[in-house]
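Enquirer: Take this structure, written in structure tokens, and hold onto it; I'll ask about it next.
What follows is calculated from the coordinates using simple rules that are stated; it is not laboratory data. Because the structure is a prediction, the values reported are computed rather than measured. Please note: Cβ atoms are built from the backbone with ideal geometry, for glycine as well, and neighbour counts cover all protein chains shown.
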Amino acid sequence: MPLSSHSSSASTSTLAERLNAGEAPRASDTLLINEQSRLREAGGERVIKFGFGQSPFPVFAPAVDALAIHAADKAYLPVQGLATTREAVASFHREVDGVDWQADEMLLAPGSKLLLFALMKALPADAEVLIPDPAWVSYAPQARMCHLATRRLPCSFESRWHVTAASLEAALADSSETGNRVRLLILNQPSNPTGLSMSHAEQAELAAVAQRHGLLVLSDEIYGVLDHDGSHRAFARDYPAGTVTTTGLSKWCGAGGWRFGAMHVPSALGEALFSRLLGIASETWSSVASPVQEAACVAYQRSPALDSYINRQREILAEVGQWAAEELTAAGIRTHAPNGGFYLYPDFEAHRETLAKRGITTGSELTQALLEECGVALLPGSAFGAPTERLTARLAYVDFDGDALLATSGPVMAHPGLENVRDGIQALTEFSRKLEGN
Ligand SMILES: Cc1ncc(COP(=O)(O)O)c(C=O)c1O
């Protein structure tokens with residue numbers, strides 16, 4: 001007798017009904033703004049794209065050559081990653097960040113995002129994840145997918161949107177924990193969405209609190225190499241035994257689509273944790289693509305060419321970021337000048353009353369208005385865990401031709417390739433000045 005869904009009783013729901021029961025997830029703010037931008041562009045309107053945080057720069061050319069040479073490599077590689085690639089990543093960060101990483105403490109994956117997820121998945125079921133507000137979009141959904149409890153740590157403009165030693169201490173004092181529960185604190189510097197890093201002194205204080213309370217810290221340092229003046233300080237230097245660090249090629253090497261991430265897990269955290277991580281890797285992604293691992297090996301070899309490739313990116317991002325922050329601040333949109341990466345986190349709170357008169361009371365109403373009135377796409381702070389009513393937005397100042405700019409030297413702001421960034425920032429400052437005029 002053929003198998004059919006009609007063979008069961010009439011009251012039984014179909015497979016599709018069972019799979020689709022419950023509420024459909026709400027479309028994310030990110031998708032929404034991207035869709036609205038697309039529709040506007042399709043209608044012939046100009047949209048300046050400050051919403052999407054992708055590196056504008058080309059991949060380091062010798063790594064591209066290596067990828068081509070290895071395109072026919074087809075074997076599965078070890079789950080942990082090639083020993084040579086792990087050593088290349090560890091030794092790069094030993095040199096650049098002054099950390100004490102060993103190749104056998106490294107795990108590679110198709111992107112650092114999966115490594116963050118794997119770490120959460122490897123935690124005990126009653127672990128709690130502490131996530132700053134604001135923080136990158138994926139931490140909280142990943143924690144939820146791992147069925148872990150999450151808690152937001154509110155940050156403010158005044159503390160440069162950082163969790164401070166005092167605010168962490170207060171959050172931990174509030175909690176009714178007895179001490180046995182694993183608590184994972186997620187940090188990300190330079191930050192997406194703010195572009196900011198703590199001072200070394202602030203970081204040392206925060207690390208001391210984390211250590212005293214026995215927290216596990218996940219330090220997401222995917223933008224570390226893009227610290228604008230090269231002063232990134234790995235959190236692992238201040239709390240070596242309790243810090244897991246993630247990094248990769250997506251930002252400083254312009255290779256987000258290659259999907260290469262690396263995680264350092266200090267051996268002090270024990271063999272069982274590392275075995276669980278390897279188990280998760282083995283049962284899910286198996287290994288990073290072979291040609292990508294070979295290319296990563298080349299990307300992580302220090303050379304004068306690599307240093308100047310990185311330094312020029314830093315110069316460009318620093319100059320554009322400083323300029324944009326100054327322009328916005330001068331126009332009444334308070335914004336901290338960035339320390340690294342390619343984001344700003346402008347705060348329109350000073351315009352709350354005037355905006356409210358126009359019916360704009362939430363971050364996402366604000367970004368909708370900015371898209372409609374200025375033709376500039378930004379993401380609302382709520383996409384990064386901010387309360388919906390907070391009038392902040394994330395601005396990714398990467399709508400420029402990175403290939404062309406990377407080939408230049410000297411000051412960058414006058415370069416014609418920066419037209420979109422200039423026009424976009426100008427449109428925002430005009431918007432603000434008009435509000436001030438009201
Ligand atoms: C803060 C942060 N962490 C992690 C990631 C994920 O990077 P990957 O491409 O290595 O998965 C991103 C990517 O946008 C990011 O902004």
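Enquirer: How big is the antiparallel share of DSSP beta bridges in the chain, given as a percent to the nearest 5? Let's see the in-between values first.
Expert: Details: 15 of 35 bridges.
Close to 45 percent.
Enquirer: Here's another thing I want to ask about it. Give the distance, in whole Å, between the Cα centre of the range 291-330 and the Cα centre of the range 69-108.
Expert: If we compute the Cα centre of each part, the gap is 21 Å.
Enquirer: Taking the simple approach of a point 7 Å from Cα along Cα-to-Cβ for both ALA170 and SER282, what is their distance in nm?
Expert: That separation, rounded to one decimal, is 4.6 nm.
Enquirer: In nm, to one decimal, how far is the SER91 label point from the GLU319 one, both placed 7 Å along Cα→Cβ?
Expert: Using points 7 Å along Cα→Cβ, the separation is 3.4 nm.
Enquirer: Of GLN54, VAL182, VAL129, which is farthest on the positive side of the dipole of the range 35-189, counting Cα position, with +1 on Lys and Arg Cβ, -1 on Asp and Glu Cβ, and the Cα centre as origin?
Expert: It is GLN54, whose Cα lies furthest towards the positive end.
Enquirer: At a threshold of 8 angstrom on Cα-Cα distance, excluding pairs fewer than six apart, so keeping six or more, what relative contact order does the chain reach in percent? Please list the in-between numbers first.
Expert: On the way: 799 pairs, mean separation 100.6, N = 438.
Across the chain, relative contact order equals 23 percent.
Enquirer: Kindly provide log₁₀ I(q)/I(0) values, in the same order as q = 0.06, 0.08, 0.12 Å⁻¹, from the Debye equation applied to equal alpha-carbon scatterers of the chain.
Expert: The calculated log intensity ratios at q = 0.06, 0.08, 0.12 Å⁻¹ are -0.27, -0.49, -1.06.
Enquirer: May I pose another question? Given a Förster distance of 30 Å, report the FRET efficiency between ALA305 and ARG237 from their Cβ-Cβ distance, rounded to the nearest 0.05.
Expert: Working: r = 27 Å, r/R0 = 0.91.
Result of the calculation: an efficiency of 0.65.
Enquirer: Under a straight-distance cross-link criterion of Cα-Cα below 23 Å, which lysines are reachable from LYS251, leaving out those fewer than 8 residues away in the same chain?
Expert: Filter leaves LYS49, LYS113.
Enquirer: Is any helix in the chain, taking whole DSSP H runs, at least 24 angstrom long along its axis by alpha carbon and on average at least -0.5 on the Kyte-Doolittle scale, and which ones? Intermediate results must be reported in sequence, preceding the final value.
Expert: Details: long enough: 304-330 (38 Å, -0.34); 419-437 (26 Å, -0.81).
Length and hydropathy pass: 304-330.
Enquirer: Just grab the label-to-label distance for GLU23 and ARG144, each label 7 Å out from Cα along the Cβ direction, in nm (one decimal).
Expert: Result for the modelled spin labels: 1.0 nm.
Enquirer: Work out the charge dipole of the chain with +1 on the Cβ of Lys and Arg and -1 on the Cβ of Asp and Glu about the Cα centre, then indicate which of LEU108, THR408, PHE92 is farthest towards its positive end.
Expert: Positive-most Cα among the choices belongs to LEU108.
Enquirer: Only Cα pairs within less than 10 Å get springs; with that Gaussian network setup on the chain, which residue of SER382, SER13, SER287 has the largest fluctuation?
Expert: Of SER382, SER13, SER287, the most mobile in the Gaussian network model is SER13.
Enquirer: Based on the Cβ-Cβ distance from ALA61 to ASP423, what FRET efficiency comes out when R0 is 41 Å, to the nearest 0.05? Let's see the in-between values first.
Expert: Details: r = 30 Å, r/R0 = 0.74.
Calculated transfer efficiency: 0.85.
Enquirer: Quick one: dipole size for the chain, taken about the Cα centre, charges +1 on Lys/Arg Cβ and -1 on Asp/Glu Cβ, in debye to the nearest 20. Could you put the intermediate results ahead of the total?
Expert: On the way: 35 positive and 50 negative charges, 147 e Å.
Once rounded to the nearest 20, the dipole reads 700 debye.
Enquirer: Right, here's the next one. Assuming 0.36 nm per residue, please report the length gained on full extension of the stretch ARG40 to SER13 beyond their Cα-Cα distance. Provide the component values of the computation, followed by the final result.
Expert: Details: separation 27, 0.36 × 27 = 9.72 nm, distance 4.08 nm.
Stretched fully, the ARG40-SER13 segment lengthens by 5.6 nm.
Enquirer: Something else about it: For the chain, set up a Gaussian network in which alpha carbons nearer than 10 Å are linked by springs, and say which option among GLU23, GLU87, GLU315 fluctuates the most.
Expert: Highest fluctuation of the listed residues: GLU23.
Enquirer: Can you give the charge dipole size of the range 317-429 about its Cα centre, rounded to the nearest 20 debye, using +1 on the beta carbon of Lys and Arg and -1 on the beta carbon of Asp and Glu? Write down the numbers at each step before the final one.
Expert: Working: 7 positive and 15 negative charges, 72 e Å.
Its charge dipole is roughly 340 debye.
Enquirer: Please name which of LEU269, HIS336, LEU306 has its Cα lying farthest along the dipole of the chain towards the positive end, using unit charges on Cβ (Lys, Arg +1; Asp, Glu -1) and the Cα centre as origin.
Expert: Ranked along the dipole, the leading option is LEU269.
Enquirer: Near GLY98, within a Cβ-to-Cβ distance under 12 Å, what is the net charge of the other residues, with Lys and Arg +1 and Asp and Glu -1? Write down the numbers at each step before the final one.
Expert: Details: positive: ARG94, ARG233, ARG237; negative: GLU95, ASP97, ASP100, ASP238.
Here the charged neighbours net out to -1.
Enquirer: Placing unit charges on C-beta atoms (Lys and Arg positive, Asp and Glu negative, everything else neutral), compute the dipole magnitude of the range 61-302 about its Cα centre in debye, rounded to 20.
Expert: Values: 18 positive and 25 negative charges, 101 e Å.
Computed charge dipole of the range 61-302: roughly 480 debye.
Enquirer: Then there's this: Which order results if HIS200, HIS162 are arranged by neighbouring Cβ count within 10 Å, fewest first? Please list the in-between numbers first.
Expert: Working: HIS200 13, HIS162 23.
Going from least to most buried by this count: HIS200, HIS162.
Enquirer: Sticking with this one: Could you tell me which trypsin sites (Lys or Arg not before Pro) in the range 292-363 are loop residues by DSSP with no more than 16 other beta carbons within 10 angstrom of their beta carbon?
Expert: On the way: sites: ARG302, ARG312, ARG314, ARG334, ARG352, LYS357, ARG358; in loops: ARG302, ARG358.
Hits after loop and neighbour filter: ARG302, ARG358.
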